[in-house]
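Remarks on the structure that follows.
The values are calculated or read from the model by the stated rules, or taken from the named source; none is laboratory data. The structure displayed is predicted, hence computed values, not measured ones. As a convention, Cβ positions derive from the backbone with ideal geometry for all residues, glycine included, and neighbour counts pool all protein chains shown.
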Amino acid sequence: MISRRNSPDGLPFRLYARQGKFKTSYGYKLPDGTWAFRLSAPTANVEKVAEIRRQAIEQAETLNGKFVPPDSVEALIKKYFTWQRALPATSQRKKAKGTIEENERESKNLVKVFGAMRPADIKPVDIYGYLAAREVKGAPIKANKEVALLSAVLEYGRRLGQLETNPCRGIRYNPSNPRTKYVEKREIDLMMETARERGGSYLVLALCLYTAYLTVSRPTEMRQLARQHVTEEGVRVPVGKRKGGQVQRMKLIEWSTELRAAIDEAKALQRIAGMYVFANASGQVYSTSGFNTILTRLMKHCATKAAERGVEFARFTLADMRPTAVTDRMEEGDLHITNATGHADDRMVHKVYDRRRTKRAKATK
């Protein structure tokens, strides 16, 4: 008899995961207690572990009777990701690894709504209905990104001859207001103080946010920062976003007293000296959901402490660190801010990240 899982892990019925120090495995247990299959990979090989996890889920769903029609949108989505991963690194069509992983998470909502449909049966009215429904649920911007992914998947379907026209073309997305959050220094200080009092994963995440601020980095760049990128010159951060076929670019953030202290403290907190600077208890990269869950709790503790002291505090995220750092550096007159962000030019820096409320300039003589 199969017992209830100790904690929900998102895996199909009868599929179990076991993560050891050296090996991670996924297995499907039959009603008689025997294993239908077991897939394993070295725990340190993150890509291989992710691959066997996908394989195990597909096999488990087949054994559980969840048949995916080959002409359905769900099947096309799976083909799309298989195609993306198989593209050579030099291909202009290939997306970055982090983008593919994010797209896979976004595709889950698409499968719930469009999964059973045939690609050719989707009409623009269905897309608008999806956008409207997600807006009502409070996720209008997320819906825009999901529809953009659906458009890419259906365009791939056109290449395969599964539909003639892409119903997502010409769709007007949900209106969006650009995020203008700026994190005050006292709020960052309060976060660090609270995290140090609580220790453990709270402090690891707080140091990750603080380092993102010091290095002007994106969330993915910090969560996946490897120890090998900590050098004598400073921290070499792989630039997270790049166009298909473009070689990996790096930015070097030279050492400051604060940056060196933050990196050293984060490394000292690790129970397992794995590949990553801001790793979880198993030495692996925090998943986006796991990271955000812990950070939400930390922000609640910060808000409580701020209320007790009678000071203002607005919750913030890892994504807020980059624009805050840009804003502070531009206020200080930093002439190398574009290099610090890793962008090729300053257009995005001024358009998206500069959140100064007052921009100063000297009068013309």
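Here are a few things to note about the model shown:
- Of all residues in region 222-240 being part of a loop (DSSP other than H, G, I, E, B) and in contact (Cβ under 8 Å) with a residue 60 or more places away in the chain, the one that is farthest from L252 (Cα to Cα): Q224
- The sole residue among V49, V111 that is touching a residue at least 12 places away in the same chain (Cβ under 8 Å), assigned by TED's automatic domain parsing to the domain that holds Y173 and not acidic (D, E) is V111.
- Residue that is farthest from R218 (Cα to Cα), among those in region 304-328 that are of a type in the set (S, T, N, Q) and over 21 Å from the mean Cα position of the chain (by Cα): T304
- Of all residue pairs spaced 6 or more apart or on separate chains, those with beta-carbon atoms under 8 Å, a first member in region 121-133 that is within 17 Å of E74 (Cβ to Cβ) and a second member that is aromatic (F, W, Y) are I122/F114; D126/F114; Y130/F114.
- Of all residues in region 90-130 being assigned to a helix (DSSP H, G or I) and of a type in the set (K, R), the one that is farthest from Y286 (Cα to Cα): K112
- Of residues in region 238-260 being surrounded by 13 or more Cβ atoms within 10 Å (Cβ to Cβ) and closer than 21 Å to M191 by Cβ, the one modelled with the lowest pLDDT: I253
- Test result for K79, touching a residue at least 12 places away in the same chain (Cβ under 8 Å), closer than 29 Å to V239 by Cβ and in contact with a Leu (Cβ under 8 Å, 6 or more places away or on another chain): no
- Qualifying residue in region 307-321 (condition: within 22 Å of V235 (Cα to Cα) and basic (K, R)): no
- All positions within region 51-67 that are within 18 Å of Q224 (Cβ to Cβ) and buried (at least 16 other Cβ atoms within 10 Å of the Cβ): R53
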